[in-house]
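Remarks on the structure that follows.
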Amino acid sequence: MPTYMVQAAYTSTAWNKLVQRPENRMDALKPVIARLGGEILAWYYTFGDYDVVVIFDAPSNINAAAAAMAIAGSGAVKDFKTSVLMSPDEGFDALLLAQGAGYRPPGG
């Protein structure tokens, strides 16, 4: 199953609601990902441009996109980024394919 990383930044309104009534947001997200056939592997709060990072598996890009659309469309986040992750073995296999791809750089 493909693995994805979501980085999200909450809106100030969402932060205000969380501070007023703290809740474990992973508990709210788990059934959403499960309903789409996936599983959360990790959840972290972060410092910097994004407030949370979530690593999850999903059956396909369509399922992962549905999760992203549901969350981004909620209005609770102001910035949202999804990345497809590859295992080291998948990265190595990609390197092997790239080696024989025959790409010619500009002017080359």
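The values are calculated or read from the model by the stated rules, or taken from the named source; none is laboratory data. Everything numeric here is computed off the predicted structure, so don't read it as measured data. Don't worry about glycine lacking a Cβ; one is built from the backbone with ideal geometry, like all the others, and counts go over all protein chains shown. Quick note on the areas: whole protein, heavy atoms, side chains included, nothing else; ligands and nucleic acids left out. Shrake-Rupley method; radii C 1.70, N 1.55, O 1.52, S 1.80 Å.
Of all aspartates and glutamates in the structure, the ones whose alpha carbon falls short of 20 Å from that of LYS78, not counting any fewer than 8 places away in one chain, are GLU23, ASP49, ASP51.
Across the accessible surface of the range 27-107, with the other protein chains kept in place and a 1.4 Å probe, carbon and sulfur atoms take up 60 percent. Per residue, the chain exposes an accessible area of 69 Å² to a 1.4 Å probe, with every protein chain left in place.
Per-residue packing, averaged as other Cβ atoms within 10 Å, sorts the ranges 84-96, 55-67 into the order 55-67, 84-96, beginning with the highest. Taking Cα centre as origin and charging only the Cβ of basic (Lys, Arg, +1) and acidic (Asp, Glu, -1) residues, the dipole magnitude of the chain rounds to 380 debye. Rolling a 1.4 Å probe over the protein heavy atoms leaves MET69 with an accessible area of roughly 140 Å².
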